[in-house]
1. Filter segment 83-106 down to the residues that are surrounded by fewer than 20 Cβ atoms within 10 Å (Cβ to Cβ), over 11 Å from the mean Cα position of the chain (by Cα) and in contact (Cβ under 8 Å) with a residue 40 or more places away in the chain and list them by number.
2. If you scan segment 125-138, which residues turn out to be surrounded by 14 or more Cβ atoms within 10 Å (Cβ to Cβ) and over 17 Å from ILE53 (Cβ atoms)?
3. Quick test for you: out of LEU189, LEU170, pick the one residue that is under 26 Å from VAL96 (Cα atoms), part of a helix (DSSP H, G or I) and at pLDDT 90 or above.
4. What helices (runs of 4 or more DSSP H) lie completely within segment 28-112 and have 1 or more residues being more than 20 Å from ASP172 (Cβ to Cβ)?
5. Go through segment 8-27 and count every residue that is assigned to a helix (DSSP H, G or I), loosely packed, with under 15 Cβ neighbours inside 10 Å and not hydrophobic (A, V, I, L, M, F, W, C).
6. Looking at segment 139-154, is at least one residue loosely packed, with under 11 Cβ neighbours inside 10 Å, farther than 27 Å from ILE55 by Cα and either in contact with a helix residue (DSSP H, G or I) (Cβ under 8 Å, 6 or more places away or on another chain) or at pLDDT 90 or above (or both)?
7. Could you please tell me which pairs satisfy a Cβ distance under 9 Å, a separation of 6+ or placement on different chains, a first residue in segment 126-146 that is in the same structural domain as ASN175 (by TED's automatic domain parsing), and a second residue that is modelled with pLDDT of 90 or more and surrounded by fewer than 18 Cβ atoms within 10 Å (Cβ to Cβ)?
8. Pairs needed: first member in segment 21-36, within 12 Å of SER76 (Cα to Cα); second member anywhere, in a loop (DSSP other than H, G, I, E, B) and not β-branched (Val, Ile, Thr); C-beta distance under 9 Å; at least 6 residues apart or different chains.
Amino acid sequence: MKLLSLCEIIFRCALFALAVYHVFKREFKLMKSVILVFALSFLPQILNAVFQIRIDAFSIIVYFIIIFMALYLGGSHRFYDKYKWWDRAIHFLSGVGFTGFGIAFASAGSGTIKLVILFFGFTFSLTLHVFWEVLEYISDCISHGNAQRWQKVHASHNHVSEKALQPAGLVDTMNDAICCIVGAGLSVLVWWFII
C-alpha cells in the first residue's frame, strides 16, 4: 500500500473517530467542521478522476493538515484566538501546499517548460490566498465576525500590539499574505530541484 493511501485512510478514520466522539458527547456544533473536513479530503481524488490532475503526495498531506488546522482546530476549537501564531502557520502551509496544486494543474498540459510551471504554481497559491482573504472579509461583513481582526472590541484576540502603526485588520491581512508568499516561494525553490 502506498504511503499516501495509508495517510488518507488514517486521516479519514481519525475524522470518523472524532465524529463518533462528538456524537457521544452531544457536541453537535463540532460535527459540522468534522463533516466539512471529511468532505474536503476527497478534493484531490476528484481532481484526479474528473480532470486527470495528479497532485503529489506531499501537497495532499499538507492540504489535509491545512483543512484540519483551519476548519476543525482553528474554527471549531478557536485555536485562532488561543495561539497568535496559528493563523500565520496555516497561511505558510497553504503557500507550500497550494503551490503543489498549481504545479499539478500546470503540469497537466504537455510541453510546458519548468519555469512556467513553477511560476504558475506560485501565482496559483497566491491567488487562492487572495480569494481566502476576500471570503474572510465577506464573512466578517455578513456575520459581524472578526476573521480579519478588524474589530477593537471582540471576544477573539487580535494578537496585534497596541503600538502597531496600522489597524489590526490590515496587520493581520498583510501578515497572512507575507506568510503565504514565503511558503510559496520556499516551495518553488524546492520544486525547482524536483521537476
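1. LYS84, PHE105 - these are the residues of segment 83-106 that are surrounded by fewer than 20 Cβ atoms within 10 Å (Cβ to Cβ), over 11 Å from the mean Cα position of the chain (by Cα) and in contact (Cβ under 8 Å) with a residue 40 or more places away in the chain.
2. The initial filter retains those residues of segment 125-138 that are surrounded by 14 or more Cβ atoms within 10 Å (Cβ to Cβ), namely 125-126, 128-129, 132-133, 136-137.
LEU126, HIS129, TRP132, GLU133, GLU136, TYR137 - these are the residues of segment 125-138 that are surrounded by 14 or more Cβ atoms within 10 Å (Cβ to Cβ) and over 17 Å from ILE53 (Cβ atoms).
3. LEU189
4. Details: elements: 28-40, 43-51, 57-67, 79-82, 86-107.
Qualifying helices (runs of 4 or more DSSP H): 28-40, 43-51, 57-67, 86-107.
5. 1
6. Within segment 139-154, one or more residues are loosely packed, with under 11 Cβ neighbours inside 10 Å, farther than 27 Å from ILE55 by Cα and either in contact with a helix residue (DSSP H, G or I) (Cβ under 8 Å, 6 or more places away or on another chain) or at pLDDT 90 or above (or both).
7. LEU126/ALA177; LEU126/ILE181; HIS129/ALA177; HIS129/ILE181; VAL130/ALA177; GLU133/ALA177
8. Correct list of pairs: LEU30/HIS77; SER33/HIS77.
The values are calculated or read from the model by the stated rules, or taken from the named source; none is laboratory data. No experiment lies behind these values; they were computed from the predicted model shown. Neighbour counts are summed over all protein chains in view; Cβ atoms, including those assigned to glycine, are modelled from backbone coordinates with ideal geometry.
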